[in-house]
Amino acid sequence: MPTHKAARFALCFLLAIVTAVGWQRAAAEDLALREAASMAGVGMFLNARAPGLILAVVRGEDSFIAGYGETAPDSGKEPDGRSIVRIGSVSKVFATDVLAAMTAAGRVALDAPLARYAPPGKTPLAFEDRPVTLLDLATHSAGLPREMADPATPPGEKNPFAAYRASYYWDWLATHRPAYRAGTTAMYSNFGFGLLGEALGRAGGKPFAQLVQEHLTTPLGMGDTVLRLSEVQKPRLMTGLDPFGKPDPNWEASEVMQASAGIYTTADDMVRWMRWHLADDAAGRPARTLAHALWRPHDGLSRLVGVEATDSEGMGLGWIISRSKDRVPLLLGKSGGLGGFMSYVVLSPNRRLGIFVVASKVDFAMFEGLRTAVRDLAAELAPAGP
């Protein structure tokens, strides 16, 4: 038996074992979806070596959710569609959904300068004559640093996220110019997305968390997608492992980090969210058109740092857009890692395909395997041409 056939047989055998104890649900009888997603999920779980993993797939009107492993080491409880996870930087495309919705409603403009939403006396400095805009922040092209921790944070502070404060963000902008002229360099920036959340909150006249609820979670029925867990929800939060294999303490993100990395959610809610992105109803079309567009092509930019330079076309609103290649369709993708979790979501809007996976362990070497497996699954379920 050739090696690749032997490996396939072994994976099928393992699938039978794992799914005998794993939780799965297919919302409709799409045999190809169920078979492909089941095989992919087992492979992801075994390769991730994480305590638990959840896979959710939407294809047209059908969906599939499967949980593997345990919600916490030695808990004996399998994860399912209601298990709560953190999605880290995938939160950024929730923030840009809010941006797209507010733009479609005429409440903000993509080319509006960030200075319009600055606190009194904290006007951001510009590089030459080019101010930073909301679009620059949403496409990582504002020329800003990746992180910006407040050096005045007390040394005894246990929560590492407490060092990220909106007041310090605005103070820094008022005294430091961007490193590059906005729109000329793609450079991944959590700092920039924190500022985007600040700007949206000021434009909307309410906290960013309330805008997420107003524009996304309430209309879509995403009751478990929040920026702060309730006491009722906390027992359903899975336990993730930090890079050293220890249970992560799961410190809450500071308020200014919410747009960058603050979302808690479930696979059930992610299916609802992916369905919205893949729909074509008239009410949601203007916001989706903005959210899915290629706003900042990488071709012609001076530098590409942290934005998948060799395997992407450019930036959408928070999304890294990769071209169709090797039968993988054109994809909008976003990854995240925080609080003991690593996550990845891709959308192929014109194929009505969405895939979300989260593993309860922070391991950046492992993530590349997850990313490859997700893209392989996309090729199986929505093959592109040669």
Conditions first: (1) crowded, with 22+ Cβ neighbours inside 10 Å; (2) more than 17 Å from Trp295 (Cα to Cα); (3) out of contact with any Pro (no Cβ under 7 Å at 6 or more places or on another chain). Arg371 passes all but one, so which condition is the exception? (1)
Tally, over the stretch 122-155, of residues that are out of contact with any helix residue (DSSP H, G or I) (no Cβ under 9 Å at 6 or more places or on another chain) and on the phi > 0 side of the Ramachandran plot: 1
Among the candidates Pro79, Pro131, Pro145, Pro151, residue that is more than 22 Å from Tyr264 (Cα to Cα) and touching a Phe, Trp or Tyr at 6+ places or on another chain (Cβ under 8 Å): Pro145
For Met270, the lone unmet condition from (1) in a loop (DSSP other than H, G, I, E, B); (2) within 20 Å of Pro349 (Cβ to Cβ) is (1)
Within the stretch 149-163, can one find any residue that is touching a strand residue (DSSP E or B) at 6+ places or on another chain (Cβ under 6 Å) and among the small types (Gly, Ala, Ser)? no
Scanning the stretch 70-101 residue by residue, the ones that are surrounded by 22 or more Cβ atoms within 10 Å (Cβ to Cβ) and within 22 Å of Trp319 (Cα to Cα) total 16
Got at least one residue in the stretch 193-201 being surrounded by fewer than 23 Cβ atoms within 10 Å (Cβ to Cβ) and of a type in the set (Phe, Trp, Tyr)? no
Does Lys206 fit the bill of being of a type in the set (Lys, Arg) and without any contact (Cβ under 8 Å) to a residue 60 or more places away in the chain? yes
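Residues checked against (1) more than 19 Å from Asn250 (Cα to Cα); (2) in contact (Cβ under 8 Å) with a residue 24 or more places away in the chain; (3) part of a loop (DSSP other than H, G, I, E, B):
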residue	(1), (2), (3)
Ile321	yes, yes, no
Leu332	yes, yes, no
Met342	no, yes, no
Val345	yes, yes, no
Asn350	yes, no, no
Glu368	yes, no, no
Thr372	yes, no, no
Ala379	yes, yes, no
May I ask you to list the residues in the stretch 215-236 that are surrounded by fewer than 19 Cβ atoms within 10 Å (Cβ to Cβ), part of a loop (DSSP other than H, G, I, E, B) and either free of Cβ contacts under 8 Å to residues at least 24 places away in the same chain or not charged (D, E, K, R) (or both)? Thr218, Pro219, Leu220, Gly221, Gly223, Leu229, Ser230, Glu231, Val232, Gln233
Reported set for the stretch 195-214 where residues are in a helix (DSSP H, G or I) and of a type in the set (Gly, Ala, Ser) is Gly197, Ala199, Gly201, Ala203, Gly204, Ala209
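Every number in this text was worked out from the coordinates using simple rules, so none of it is lab data. Since this is a predicted model, take the numbers as computed values, not measurements. Neighbour counts are summed over all protein chains in view; Cβ atoms, including those assigned to glycine, are modelled from backbone coordinates with ideal geometry.
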